[in-house]
Amino acid sequence: MAVPVVSVRGLEVTFVGAGRPLTAVRGISFDVAAGEVLGIVGESGSGKSVTSLALTGLLGPNARVRGQISLAGIDVIAADAETLRLMRGRDVGMVFQDPATTLNPVFPVGRQITEGQIAHGTLRPERAPARAAALLREVDVPDPAARISQFPHQFSGGMRQRAVIAMAMAGHPRLIIADEPTTALDVTVQAQVLAVLARRQRETKAAVILITHDLGVIAEVADRVAVMYAGRIVETGPVAEIFRAPRHPYTAALLRSLPRIDADEARLSTIPGQPPHLGRLAGGCSFRPRCPLGQARDICASDPPEHDGVACHFPGEALATLPRPAPSKKPEAQTGSPLLEVADLRVEFPIRTGLLRRQSGTVRAVSGVSLSVWPGETLGLVGESGCGKTTTGRAIMGLIRPTSGSIRFAGQEIGGLPRGAMRRLRRDMQYVFQDPYSSLNPIRTAGEIVAEPLRIHGLHAEMGGDAYVAGLFDRVGLPRATMSRFPREFSGGQRQRIGIARALALQPKLLILDEPVAALDVSIQAQIVNLLKDLQRELGLAYIFIAHDLAVVHHIADRVAVMYLGRIVEESDKATLYARPLHPYTRSLLSAVPLPDPAARGGGRRIILEGDIPSPARPPSGCAFHPRCFRASPLCATDVPAFAAHATLPSLVACHHPMEAAP
Amino acid sequence: MIAYILRRLAQFIPVLLLASLGIWAMIYAVPGSPIGALVGENATPEQIAAITIRLGLDQPILVQYWRWLLAALHGDLGHSIQSREPVLDLIATRIPATLQLGLAATLVGLLVGIPVAVASALKPNSLLDRALSGWSALALGVPTFWLGILLILLFAVHLHWLPSASAYFPLISDPIPALTNLALPALTLGLYISGIFSRFLRAALLGELHADYVRTARSKGLRERDVIGRHVMRNAMLPFVTIVGLSLANFIGGTVITEAVFTYPGLGRLLIQAIGVRDYPLIQGCILFILAIYITINLLVDVLYAYIDPRIDYH
Ligand SMILES: Nc1ncnc2c1ncn2[C@@H]1O[C@H](COP(=O)(O)OP(=O)(O)OP(=O)(O)O)[C@@H](O)[C@H]1O
Ligand code: SF4
Ligand code: SF4
Ligand SMILES: [Mg+2]
């Protein structure tokens, strides 16, 4: 093998601070060669980001780094600040998770793309605009010359991330570190961005470290995989082998806990417990408390396993012990009357401009949505960001006033209810917010946040007080000890669990779950999904499950509605919708889902949609999907297709030329 | 942008109208009368009645207000009861003095506050940071009048470098006396305000330092001084200009005590004198002007804000 671009040996990172020192990375080693993609996968807090920051010398002053890192010939740990600065941008470029915040909002995008090169003296400022435009063109941003002077907020999410990729690649670095680069993006946009990243990587022969928690993405793009757990790499190997025959119990369990659109199981296998607290690791194997094999074996408790491709005393035994999940049962037929009936819901937001704040246009966020939810069932609402899923959910919840349409809950029209009755109803309908960061009050402890709805409704003592709240913490997989901690002390995943615990507190009848597991790790996601299913069965809860992750929806939903630009374009029972999508949009959406199966890679099944979702202020004429549709005819540009029952399948679809064959 | 400024200016008029009505009502709600101060203790009731009628103070309040308003709309704010001079002239002579002091003090505040904040934010919780935070606390904790008197004792009484009472000289025509006279009051106010500025900016900078775009900027290989000086500073400036604008506006009305200590002839002292003798037209005029300056500064802040933050849409 050629000299690796980056070579890491025995890397250890310890954070020192007010409390006890915390070792976040505990002796990891790996190499990445030019042209190779190393996927690092692991749960939140396993040390992936800390590793990537250590590689680039970007850790804060409270980090103590030991071991060896050689990046493009530079000894990163020993190097001085100026050497590291020069290394960044020149030898290594970085792509971060959230394109909404990685760019500075007050500077034009073009300037931010080339600024690094100018700082390195490899680009003269007067050449910068042309260079920025060229770089944007390379990542498929349309009209790059005009785009460079725009600000980040004028870019869509996918375009921003492509701009960040352009920025990372500006200095032709030999290594790209992409930390969750598509986690914040929609599937069709993720497919675009991954395609761009892969193409640019092939063109530049850069080495890539792709950090993600999404095993589907790993299966799709990585050559080799390193699985991290509690600050260690527990298994490494070529991607095909890891997926086919995982040897570490953790890897195996992780793969099993994944909801898949190409399988159908009643329950996800979960990994019991939760990722360990790094400050309180026991001796021996740190996975032991969750390991089905290690429980009865003394050596696992006493000796930490050596890493030799796999860090386990009993490699290879893992797969056999895992139970095969049972296939799911047919959903029971809906009985009785629906819990929630929404008819022709419209939500429009005025756009005001000019001196007199006159209304100059309307954003049709939701334009005529009808849906019903029966007690005890789950309706999955899927679609890309901006398609109106969240607005629909919020309008149902009463957080936004609908422009028109009717919402009936338990037979009562909500619109006309007086305040008190509305408040009473609120208890039966709860909402889990999409954004785990902004939806939690930063100055309240987690315990207070979860108890808040109980206190607001004066039910704290009645429901069992602190003990009940502690029970909610157990349920969502948070240690009770964290009740007195503040939101900022939690990882993104843990924060969303607090939000779910808060919504569960009042034991409602209907939960509107807005991307509830999007921020969770696979193993925790499986726990939460199972938990939601348990609660549903025990309490007869109904869910509206809003998500962009079609695999999760496939697992949890009984019926699925697909939204595009404020409309439901297809609705059916789960099995039919996934097996025989009728709408071209549904079809492309399903094809964009990365399958956790390297063997399925490049099978030509993927339809990469062009462009972004149009603005709901100016929806295209006729079928709103026609500018991106691969089946569009002249009719589609003029006539709005009716949302009607299909001739043979139990589906409703809004398309002039629905797909016929199964995919 | 122009339309935006015009629209904002149009909002002035109702605000000023309401304010004038409010001030008028306030003045009359408080007992006392300007006559006593005007005629002295030995005046006969006849003298008092005559003056009352001459000043129109015998009319119903609303009539008085209406008369004042009509005149004000023609640019006539009436005459001072005390000095008989037009209110507008009296104010016009004081406004440059007050603005000059306000701006000078703000400048001192910025010159001290910004470097202190940046130095603190570069190495948070370091020894330097803690020392500078102590300094800011001191600047805020020491009462202005006390610091003013201390400075007078040191620079005027002891060293004889600077005058103890400050007169107003326009900076443009008489720079040297203007500076020597401005130095002590500007320093007194400026040091105080630097405490506010540095604390606020330090917090804003530290808040921004954790933002994702800072990590991005570093990952591109920018120099740390560019990361802080360009990326972070520009964002931290957003809330900061509001504070600077507010404090500047505050000066216009709030320099009262400092102006009194230094017997500096600004708008604040004019207002105090006017209140002392219940010179209604003068009080009314002073407050209206202070208010107008206040609103103008606010508008400037908003315009600056829109300039710094591209996300603000001023249509
Ligand atoms: N600056 C810091 N100071 C103290 N502890 C830190 C710091 N940065 C990270 N940690 C801790 O180090 C551990 C590993 O964090 P890291 O961000 O690498 O996880 P990750 O694998 O990237 O997780 P995620 O999937 O959530 O991004 C966590 O326990 C975290 O709390
Ligand atoms: S070493 Fe033991 S506890 Fe650890 S993963 Fe292997 S079997 Fe499980
Ligand atoms: S109606 Fe036409 S444009 Fe719309 S989805 Fe169907 S085929 Fe495509
Ligand atoms: Mg991370």
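The values are calculated or read from the model by the stated rules, or taken from the named source; none is laboratory data. Source: prediction; values computed, not measured. Backbone-built Cβ (ideal geometry, glycine too); neighbour counts: all protein chains shown. The area values use the complete protein model at the heavy-atom level, side chains included, leaving out ligands, DNA and RNA. Shrake-Rupley method; radii C 1.70, N 1.55, O 1.52, S 1.80 Å.
A few points about this structure:
- Residues along region B:188-233 losing 30 Å² or more of accessible surface when the other protein chains are present rather than the chain by itself (probe 1.4 Å): B:ASP212, B:TYR213, B:ARG215, B:THR216, B:ARG218, B:SER219, B:LYS220, B:GLY221, B:LEU222, B:ARG223, B:ARG230, B:HIS231
- Principal axis dimensions, largest first and in whole angstrom, of region A:115-271 by Cα: 58, 29, 25
- Placing B:TRP135, B:TRP161 in order of accessible area, with the largest value first and a 1.4 Å probe, yields B:TRP161, B:TRP135.
- Charge tally in the Cβ shell below 15 Å around A:ARG628, where Lys, Arg are +1 and Asp, Glu are -1, A:ARG628 excluded: 0
- Normalised radius of gyration (Cα atoms, divided by 2.2 N^0.38 Å) for region A:209-307: 1.13.
- Mean residue ellipticity (222 nm) of the protein assembly as shown, computed from DSSP H runs ≥ 4 via -39,500 (n - 2.57), nearest 500: -13500 deg cm²/dmol
- For the set B:PHE200, B:PHE145, the ranking by accessible area, highest first and with no ligand, DNA or RNA atoms included, is B:PHE145, B:PHE200 under a 1.4 Å probe.
- At R0 = 51 Å, FRET efficiency that the Cβ-Cβ distance of A:MET659 and B:ALA292 yields, to 0.05: 0.15
- Model label sites at A:ALA33 and B:GLN11, defined 7 Å from Cα along the beta-carbon direction, differ in position by 6.5 nm.
- Working from label points 7 Å from Cα in the Cα-to-Cβ sense, the A:SER633 to A:ASP262 distance is 3.4 nm.
- Spacing of the two label points (7 Å from each Cα toward its C-beta) at A:ARG455 and A:ASP534, in nm: 2.8
- Solvent-accessible surface (1.4 angstrom probe) belonging to A:CYS312, in square angstrom, nearest 10: 30
- Summing both sides, the accessible surface hidden between A and B at a 1.4 Å probe radius is close to 2400 Å².
- Candidates A:ALA575, A:LEU531, A:THR586 compared by Cα position along the dipole of region A:528-593: farthest toward the positive end lies A:THR586, with charges placed on Cβ.
- Two-site FRET efficiency, B:ARG54 against A:HIS277, from Cβ-Cβ distance with R₀ of 51 Å, rounded to 0.05: 0.05
- Phi-derived couplings, Karplus 6.51 cos²θ - 1.76 cosθ + 1.60 at θ = phi - 60°, listed residue by residue for region B:282-289: 5, 4, 3, x, 4, 5, 4, 5 Hz, with x used for Gly and Pro.
- Put simply, the convex hull of the Cα atoms in chain A casts, on average, a shadow of 31.5 nm².
- Averaged over the residues of A:46-59, the number of partner chain Cβ atoms lying within 10 Å of the residue Cβ comes to 1.
- Rounded to the nearest 20 debye, the dipole size of region B:89-308 about its Cα centre is 720 debye, using +1 on the Cβ of Lys and Arg and -1 on the Cβ of Asp and Glu.
- Over every Cα atom in region B:89-308, the radius of gyration and the widest Cα-Cα span, Dmax, amount to 19.5, 66 Å.
- Dipole magnitude (debye, nearest 20) for chain A, charges at Cβ of Lys, Arg, Asp, Glu: 1140
- Counting lysine pairs in the protein assembly as shown whose alpha carbons fall under 15 angstrom apart, excluding pairs fewer than 8 residues apart on the same chain, gives 5.
- The ellipsoid equivalent to the alpha-carbon distribution of region A:340-573 has semi-axes of 29, 20, 19 angstrom, derived from the gyration tensor eigenvalues as √(5λ) and listed largest first.
- FRET E, pair B:LEU304, B:LEU103, Förster distance 25 Å, beta-carbon r, rounded to 0.05: 0.95
- For A:HIS656, solvent-accessible area (1.4 Å; no DNA, RNA or ligand), Å²: 60
- Across q = 0.16 Å⁻¹, region A:46-160 modelled as identical point scatterers on its alpha-carbon atoms has Debye log10 I(q)/I(0) values of -0.86, in the order of the q list.
- Its alpha carbons considered, region A:469-578 gives a radius of gyration followed by a Dmax of 14.9, 46 Å.
- Cα pair distances exceeding 18 angstrom across region A:530-648, given as percent: 60
- In the context of the full protein assembly, A:ARG587 retains an accessible surface of approximately 60 Å², using a probe radius of 1.4 Å and ignoring ligands and nucleic acids.
- Per residue accessible area of chain A, 1.4 Å probe, in Å²: 41
- When B:GLU85, A:GLU515, A:GLU348, A:GLU126 are compared by accessible surface with a 1.4 Å probe, the order from highest to lowest is A:GLU126, B:GLU85, A:GLU348, A:GLU515.
- With Cα atoms, 0 to 90° folded angle of helix B:87-122 axis to chain B main axis: 20
- Label zone of B:LEU128 (point 7 Å out along Cα→Cβ, amide N under 13 Å): in region B:202-236 this covers B:225.
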